[in-house]
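Everything on this sheet refers to the single structure shown next.
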Amino acid sequence: MSVFEASACAKLILCGEHAVVYGRPAIALPVASIRAIARVQFTGSGGISLHALDQERSWLVEPGTSDSFGELVLHTLTALAIHGPHHLRIEMTSQIPIASGMGSGAAVATAIVRALAAAAGRELSPEQVSTLVYESERRFHGTPSGIDNTVVAFERPIWFVRATAPDGTLMPTIEPVTISAPFTLLVGDTGQRSATRLPVGEVRRRWQASPKRYDERFDQVAALVHQARAALAHGDQGVLGAILSENHTLLKQIGVSNQALNRLVQAALDAGALGAKLSGAGWGGVMFALVTPATHAAVAEALLQAGAVRVLEAQVAESEA
Ligand code: PMV
């Protein structure tokens, strides 16, 4: 029986996380070498079953399910006008650390949507894939900015400014980002899983309690994101590194870093990284350091010494806007 397979990349937020929820710009990068995979097979009987191979977990998708991937499958089948009764086996597997700021959920969801479209003999545009995944994230995770599903669906560096229609439909500004010189980020994983909605909820409470103070910090982040875009366009990695480290300082002030992240950031800087910051929601998950060929090995070693449970590499290629 035919198997329809599709994959989707991991992502890193280069700069601007959290402030992006409040309408400020952020830059996100795809990590093409680290991926999630979904496989869809028509089985002829047995309903729809999902198999998370890495967790050795399988379950049936019933109508009205409260499981986010199951619900995404039902919505996608409806959107693709694939009429039931449905008998599908859907397998998922991923190299992306879970709940760590690298977009694991969005990548698995994107791979599922692409594999279902392939099974239906349909090609969906990145916009269509992104919208289906965003709707699912919104139903399950509150107020995501939409940056994760967008960078994963387009698989290219993006400049992202959130905007939603009154009915909640996503209509962000998405622009390509010029990267004039390739560079390498080393990703240090604290090994602490972090549910995005917790730090996002805490930032919202703080912003509601002190709107002026937090809006000022978000504006400072926005200024850095503008500077980062210029540094990328000029291929100026020294400047980019300093901007990333400043962004980390602001994220600490916003209240989303923690000891493990700060330790990894400091270790990377001490070992000669051009800059380092947490990436994603914070309170655990990953950080990254901007390295050169001369500092690569020392920074990787320093991250492991400082407690990283793994160090991954993200190569960022040149790209034209
Ligand atoms: O899901 P994460 O950890 O990649 O974080 C997403 C980035 C935030 O700006 C914190 C939230 C959002 O919806 O943009």
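The values are calculated or read from the model by the stated rules, or taken from the named source; none is laboratory data. Fair warning: this is a prediction, and the values are worked out from it, not measured in the lab. Positions of Cβ are backbone-derived with ideal geometry, glycine not excepted, and every protein chain shown enters the neighbour counts. SASA here: full protein model, heavy atoms, side chains in, ligands and nucleic acids out. Shrake-Rupley method; radii C 1.70, N 1.55, O 1.52, S 1.80 Å.
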**Complete:** When ARG229 is run through (1) at pLDDT below 95; (2) in contact with a Phe, Trp or Tyr (Cβ under 9 Å, 6 or more places away or on another chain), the failure sits at (1)
**Complete:** Counting only residues in the range 257-288 that are part of a loop (DSSP other than H, G, I, E, B) and touching a residue at least 40 places away in the same chain (Cβ under 8 Å), the one surrounded by the fewest Cβ atoms within 10 Å (Cβ to Cβ) is identified as ASN258
**Message:** I need the full set of residues from the range 155-209 which are open to solvent by 70 Å² or more (accessible area, probe 1.4 Å), of a type in the set (A, V, I, L, M) and without any contact (Cβ under 8 Å) to a residue 40 or more places away in the chain, in order please.
**Reply:** MET171, ALA209
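A quick yes/no check of all residues on (1) open to solvent by less than 10 Å² (accessible area, probe 1.4 Å); (2) of a type in the set (A, V, I, L, M, F, W, C); (3) within 16 Å of the ligand (Cβ to nearest atom); (4) within 13 Å of the chain's Cα centre (by Cα):
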position	(1), (2), (3), (4)
GLY70	yes, no, no, no
THR78	no, no, no, no
ALA81	no, yes, no, no
ILE90	yes, yes, no, no
ALA99	no, yes, yes, yes
MET102	yes, yes, yes, yes
VAL108	no, yes, yes, yes
ARG114	no, no, no, no
ALA119	no, yes, no, no
**Request:** Could you check, for the range 173-192, whether at least one of its residues is within 11 Å of the ligand (Cβ to nearest atom) and either small (Gly, Ala, Ser) or touching a Gly at 6+ places or on another chain (Cβ under 7 Å) (or both)?
**Result:** no
